[in-house]
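This report refers to the structure that appears directly beneath it.
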Ligand code: FES
């Protein structure tokens with residue numbers, strides 16, 4: 001099981017939550033991120049009792065997760081499949097990457113396309129780094145790779161559609177803090193538990209400004 005609280009939840013609330021979980025027989029691991037605070041639970045507690053304890057507390061989200069055994073099994077299987085699909089994946093990634101990487105020439109005039117939403121200035125994102133931006137109220141990660149290749153992907157992990165992904169510079173992947181799922185810059189799953197790719201958006205650079213093309 002996993003509990004999600006806001007990133008700036010007061011220490012007293014976190015203490016209350018941990019105390020209640022431990023009282024129910026769970027071992028707690030707390031990690032505070034920039035977007036959320038996670039309390040990962042292991043042990044012999046009863047998920048229904050846990051759910052009941054926090055049902056009336058909107059500040060605490062209780063998520064069911066797989067048992068450690070199930071999770072390890074699925075993760076191993078998915079890694080194997082990812083390995084088998086590697087060669088093919090690289091080819092599809094090349095094809096899939098083209099529409100979402102923007103290589104625009106310097107501007108010839110003002111941007112008049114109403115479907116383009118400005119999300120950042122070019123200098124705000126260093127090479128090989130990512131920046132969280134908002135596209136029509138949804139969190140999106142804008143990634144800049146070498147040679148000014150840009151990618152924009154939904155920042156919501158497709159495993160449970162709740163946890164927000166972080167950009168991992170060394171791995172060059174978007175990584176989920178909830179159960180370790182990971183995606184490449186094309187949105188492909190590279191590590192489970194998620195099995196559904198991330199939504200991607202076309203990025204266009206106009207001079208030193210970056211725009212993401214909204215859907216529809
Ligand atoms: S929510 Fe489980 S891996 Fe992201």
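The values are calculated or read from the model by the stated rules, or taken from the named source; none is laboratory data. Keep in mind that this is a model prediction, so the values were computed, not measured. Cβ sites come from the backbone with ideal geometry, for glycine too, and all protein chains shown count toward neighbours.
Scanning the stretch 157-167 for residues that are within 10 Å of the chain's Cα centre (by Cα) and either surrounded by 16 or more Cβ atoms within 10 Å (Cβ to Cβ) or over 25 Å from residue 60 (Cβ atoms) (or both) yields 157, 158, 159, 163, 164, 165, 166, 167. When 140, 206, 185, 189 are checked against the criterion of being within 23 Å of residue 1 (Cα to Cα) and either touching a residue at least 24 places away in the same chain (Cβ under 8 Å) or within 16 Å of the ligand (Cβ to nearest atom) (or both), a single residue qualifies: 189.
Residue-wise test of (1) touching a helix residue (DSSP H, G or I) at 6+ places or on another chain (Cβ under 9 Å); (2) modelled with pLDDT of 90 or more; (3) in a loop (DSSP other than H, G, I, E, B); (4) under 20 Å from residue 37 (Cα atoms).
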site	(1), (2), (3), (4)
140	no, yes, no, yes
167	no, yes, no, yes
180	yes, yes, yes, yes
185	yes, yes, yes, no
196	no, yes, yes, no
210	yes, no, no, no
